[in-house]
1. With labels modelled as points extended 7 Å from the Cα through the Cβ direction, what inter-label distance (nm, one decimal) is found for Val137 paired with Ala100?
2. Determine, from the Cβ-Cβ distance of Arg79 and Asp3 and an R0 of 45 Å, the FRET efficiency 1/(1 + (r/R0)^6), rounded to the nearest 0.05.
3. Grab the Cα-Cα distance for Glu45 and Thr62, subtract it from 0.36 nm times how many residues apart they are, and report the gain in nm with one decimal.
4. Based on Cα positions only, what radius of gyration and what Dmax would you give for the range 1-135, in angstroms?
5. For Phe149, what accessible surface area do you get with a 1.4 Å probe? Give it in Å², rounded to 10.
6. Can you sort Thr11, Thr26 by 1.4 Å-probe accessible area, starting with the largest?
7. Can you give the log10 of the normalised intensity I(q)/I(0) at q = 0.15, 0.29 Å⁻¹, computed with Debye over equal Cα scatterers of the range 94-149?
8. Keeping all protein chains in the complex and leaving out DNA, RNA and ligands, what accessible area do you get for Leu28 with a 1.4 Å probe, in Å² to the nearest 10?
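The values are calculated or read from the model by the stated rules, or taken from the named source; none is laboratory data. Since this is a predicted model, take the numbers as computed values, not measurements. Glycine also receives a Cβ, built like all others from the backbone with ideal geometry; neighbour counts cover every protein chain displayed. Just so you know, the surface numbers come from the protein's heavy atoms only, side chains and all, with ligands and any DNA or RNA stripped out. Shrake-Rupley method; radii C 1.70, N 1.55, O 1.52, S 1.80 Å.
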Amino acid sequence: MSDLERSVEATLFASEEPMSAEAISTHLGGADVRDALRSLEAHYEGRGIRLVERGKRWQFQTAPDLAHLLRREREQVRRLSRAATEVLAIVAYHEPVTRADIESIRGVQTSGGTLDVLMEAGWVRVAGRREVPGRPVIYATTPEFLSHFGLKSRRELPGIDELKAAGLLDPVDDAFDALMGPDENPDRPSAEEEEEDSNEGEN
(Lines give C-alpha, C1' and ligand atoms only; values in the text may rest on other atoms or scores of the structure.)
Protein backbone atom coordinates (compact mmCIF):
# COMPACT_ATOMS: atom_id res chain seq x y z
CA MET A 1 0.00 0.00 0.00
CA SER A 2 1.47 3.36 -1.01
CA ASP A 3 1.98 6.28 1.37
CA LEU A 4 -0.80 8.19 -0.41
CA GLU A 5 -3.24 5.32 0.03
CA ARG A 6 -2.32 5.12 3.71
CA SER A 7 -2.86 8.87 4.06
CA VAL A 8 -6.27 8.71 2.36
CA GLU A 9 -7.22 5.74 4.54
CA ALA A 10 -6.22 7.56 7.72
CA THR A 11 -8.04 10.72 6.66
CA LEU A 12 -11.30 8.90 6.03
CA PHE A 13 -10.97 6.82 9.18
CA ALA A 14 -10.55 9.94 11.32
CA SER A 15 -13.29 11.94 9.61
CA GLU A 16 -16.62 12.25 11.42
CA GLU A 17 -18.49 12.64 8.12
CA PRO A 18 -18.18 11.23 4.58
CA MET A 19 -15.73 13.21 2.45
CA SER A 20 -15.62 14.04 -1.24
CA ALA A 21 -12.50 13.31 -3.27
CA GLU A 22 -11.95 17.06 -3.54
CA ALA A 23 -12.11 17.51 0.25
CA ILE A 24 -9.65 14.65 0.79
CA SER A 25 -7.33 16.12 -1.83
CA THR A 26 -7.45 19.53 -0.16
CA HIS A 27 -6.69 17.95 3.22
CA LEU A 28 -3.67 16.19 1.72
CA GLY A 29 -2.21 19.26 0.08
CA GLY A 30 -3.81 18.95 -3.35
CA ALA A 31 -2.75 15.37 -4.09
CA ASP A 32 -4.66 13.46 -6.78
CA VAL A 33 -6.49 10.86 -4.66
CA ARG A 34 -8.81 9.27 -7.21
CA ASP A 35 -6.61 6.25 -7.95
CA ALA A 36 -5.87 5.81 -4.26
CA LEU A 37 -9.59 5.76 -3.45
CA ARG A 38 -10.28 3.12 -6.10
CA SER A 39 -7.36 1.05 -4.87
CA LEU A 40 -8.61 1.23 -1.29
CA GLU A 41 -12.13 0.39 -2.45
CA ALA A 42 -10.78 -2.81 -4.03
CA HIS A 43 -8.57 -3.52 -0.99
CA TYR A 44 -11.56 -3.51 1.38
CA GLU A 45 -13.86 -5.49 -0.91
CA GLY A 46 -14.96 -8.64 0.90
CA ARG A 47 -13.74 -7.48 4.32
CA GLY A 48 -15.73 -6.72 7.44
CA ILE A 49 -15.71 -3.04 6.62
CA ARG A 50 -15.85 -1.52 3.15
CA LEU A 51 -14.94 1.76 1.58
CA VAL A 52 -17.95 2.98 -0.39
CA GLU A 53 -18.90 6.03 -2.43
CA ARG A 54 -22.33 7.49 -1.77
CA GLY A 55 -23.40 10.69 -3.50
CA LYS A 56 -19.79 11.47 -4.52
CA ARG A 57 -18.67 11.23 -0.90
CA TRP A 58 -16.51 8.43 0.51
CA GLN A 59 -16.93 6.63 3.82
CA PHE A 60 -16.19 3.39 5.62
CA GLN A 61 -19.19 1.26 6.50
CA THR A 62 -19.90 -2.20 7.88
CA ALA A 63 -20.26 -4.97 5.29
CA PRO A 64 -24.00 -5.43 4.67
CA ASP A 65 -23.94 -9.15 5.50
CA LEU A 66 -22.52 -8.40 8.97
CA ALA A 67 -25.00 -5.69 9.93
CA HIS A 68 -26.97 -8.13 12.09
CA LEU A 69 -23.96 -8.53 14.40
CA LEU A 70 -24.00 -4.84 15.28
CA ARG A 71 -27.74 -4.31 15.44
CA ARG A 72 -29.10 -3.40 18.85
CA GLU A 73 -31.80 -5.60 20.28
CA ARG A 74 -34.12 -2.64 20.56
CA GLU A 75 -34.45 -0.77 17.32
CA GLN A 76 -36.33 2.43 16.80
CA VAL A 77 -38.07 1.94 13.49
CA ARG A 78 -38.64 5.11 11.52
CA ARG A 79 -41.93 4.72 9.70
CA LEU A 80 -43.02 7.22 7.10
CA SER A 81 -46.64 8.05 6.50
CA ARG A 82 -48.10 7.30 3.10
CA ALA A 83 -47.96 11.01 2.26
CA ALA A 84 -44.30 11.27 3.28
CA THR A 85 -43.45 8.16 1.24
CA GLU A 86 -45.13 9.61 -1.83
CA VAL A 87 -43.42 12.98 -1.41
CA LEU A 88 -40.01 11.34 -0.93
CA ALA A 89 -40.53 9.29 -4.10
CA ILE A 90 -41.52 12.36 -6.11
CA VAL A 91 -38.53 14.37 -4.89
CA ALA A 92 -36.14 11.48 -5.58
CA TYR A 93 -37.35 10.84 -9.11
CA HIS A 94 -38.00 14.45 -10.18
CA GLU A 95 -35.66 16.70 -8.21
CA PRO A 96 -35.39 19.59 -7.99
CA VAL A 97 -39.11 20.14 -7.38
CA THR A 98 -41.23 22.80 -5.74
CA ARG A 99 -44.08 22.14 -3.35
CA ALA A 100 -46.45 23.07 -6.18
CA ASP A 101 -44.80 20.41 -8.39
CA ILE A 102 -45.32 17.82 -5.67
CA GLU A 103 -48.96 18.79 -5.19
CA SER A 104 -49.55 18.71 -8.95
CA ILE A 105 -48.23 15.15 -9.17
CA ARG A 106 -50.03 13.90 -6.05
CA GLY A 107 -53.26 15.69 -6.87
CA VAL A 108 -53.68 16.84 -3.28
CA GLN A 109 -52.24 19.56 -1.07
CA THR A 110 -49.02 18.67 0.70
CA SER A 111 -48.63 19.64 4.34
CA GLY A 112 -45.53 21.59 5.20
CA GLY A 113 -45.13 19.13 8.07
CA THR A 114 -44.59 16.29 5.61
CA LEU A 115 -41.58 18.01 4.08
CA ASP A 116 -40.36 18.93 7.57
CA VAL A 117 -40.37 15.24 8.55
CA LEU A 118 -38.29 14.33 5.50
CA MET A 119 -35.84 17.17 6.16
CA GLU A 120 -35.54 16.18 9.84
CA ALA A 121 -34.77 12.63 8.70
CA GLY A 122 -31.96 14.13 6.62
CA TRP A 123 -33.29 12.76 3.33
CA VAL A 124 -34.61 15.98 1.73
CA ARG A 125 -33.04 19.44 1.68
CA VAL A 126 -33.83 22.92 0.43
CA ALA A 127 -31.84 23.26 -2.80
CA GLY A 128 -32.50 26.93 -3.54
CA ARG A 129 -35.28 28.80 -5.32
CA ARG A 130 -36.66 28.50 -8.84
CA GLU A 131 -36.10 31.59 -10.96
CA VAL A 132 -39.78 32.21 -11.73
CA PRO A 133 -42.25 34.74 -10.32
CA GLY A 134 -42.56 34.22 -6.61
CA ARG A 135 -39.22 32.34 -6.55
CA PRO A 136 -40.61 29.20 -4.86
CA VAL A 137 -38.33 26.98 -2.79
CA ILE A 138 -37.07 23.85 -4.54
CA TYR A 139 -36.33 20.55 -2.83
CA ALA A 140 -33.85 17.76 -3.56
CA THR A 141 -32.56 14.61 -1.89
CA THR A 142 -29.40 14.52 0.21
CA PRO A 143 -26.26 12.36 0.29
CA GLU A 144 -27.73 10.85 3.48
CA PHE A 145 -30.71 9.65 1.43
CA LEU A 146 -28.36 7.88 -0.98
CA SER A 147 -26.32 6.42 1.87
CA HIS A 148 -29.38 5.17 3.76
CA PHE A 149 -30.71 3.34 0.71
CA GLY A 150 -27.30 2.14 -0.45
CA LEU A 151 -27.23 4.13 -3.69
CA LYS A 152 -24.17 5.61 -5.36
CA SER A 153 -26.34 8.09 -7.24
CA ARG A 154 -29.97 8.66 -8.23
CA ARG A 155 -29.27 6.75 -11.43
CA GLU A 156 -29.43 3.60 -9.30
CA LEU A 157 -33.01 4.26 -8.20
CA PRO A 158 -35.14 1.25 -9.13
CA GLY A 159 -37.55 1.41 -12.03
CA ILE A 160 -41.27 0.85 -11.68
CA ASP A 161 -41.06 -2.79 -12.83
CA GLU A 162 -38.41 -3.47 -10.18
CA LEU A 163 -40.54 -1.86 -7.48
CA LYS A 164 -43.57 -3.92 -8.48
CA ALA A 165 -41.54 -7.14 -8.52
CA ALA A 166 -40.23 -6.40 -5.03
CA GLY A 167 -43.73 -5.60 -3.74
CA LEU A 168 -42.65 -2.10 -2.78
CA LEU A 169 -44.86 -0.06 -5.08
CA ASP A 170 -48.05 -0.11 -3.02
CA PRO A 171 -47.17 2.80 -0.70
CA VAL A 172 -46.38 5.05 -3.63
CA ASP A 173 -48.61 3.67 -6.38
CA ASP A 174 -50.66 6.86 -6.65
CA ALA A 175 -47.53 8.97 -6.95
CA PHE A 176 -46.03 6.81 -9.65
CA ASP A 177 -49.30 6.53 -11.54
CA ALA A 178 -49.45 10.31 -11.58
CA LEU A 179 -45.87 10.48 -12.80
CA MET A 180 -46.57 8.02 -15.61
CA GLY A 181 -49.89 9.46 -16.71
CA PRO A 182 -53.25 7.72 -17.05
CA ASP A 183 -52.45 6.11 -20.40
CA GLU A 184 -49.50 4.22 -18.91
CA ASN A 185 -51.64 2.19 -16.50
CA PRO A 186 -54.89 1.23 -18.23
CA ASP A 187 -55.83 -1.32 -15.55
CA ARG A 188 -56.04 1.30 -12.80
CA PRO A 189 -59.46 3.00 -12.49
CA SER A 190 -59.63 6.74 -12.93
CA ALA A 191 -60.35 9.06 -10.03
CA GLU A 192 -63.91 9.50 -11.35
CA GLU A 193 -64.44 5.71 -11.50
CA GLU A 194 -63.09 5.30 -7.98
CA GLU A 195 -65.44 8.00 -6.73
CA GLU A 196 -68.41 6.36 -8.48
CA ASP A 197 -67.53 3.00 -6.94
CA SER A 198 -67.30 4.63 -3.53
CA ASN A 199 -70.72 6.26 -3.95
CA GLU A 200 -72.29 2.98 -5.04
CA GLY A 201 -70.91 1.30 -1.97
CA GLU A 202 -72.52 3.91 0.24
CA ASN A 203 -75.97 3.51 -1.36
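1. 1.6 nm
2. Values: r = 47 Å, r/R0 = 1.05.
So the FRET efficiency works out to roughly 0.45.
3. On the way: separation 17, 0.36 × 17 = 6.12 nm, distance 1.12 nm.
That works out to 5.0 nm of additional length.
4. Cα only, the range 1-135: 19.8, 57 Å (Rg, Dmax).
5. Rounded to the nearest 10, that gives 100 Å².
6. On the way: Thr11 20, Thr26 105 Å².
The most accessible residue leads, giving Thr26, Thr11.
7. With one equal scatterer per Cα and no solvent, log10 I(q)/I(0) is -0.43, -1.24.
8. Approximately 50 Å² for this residue.
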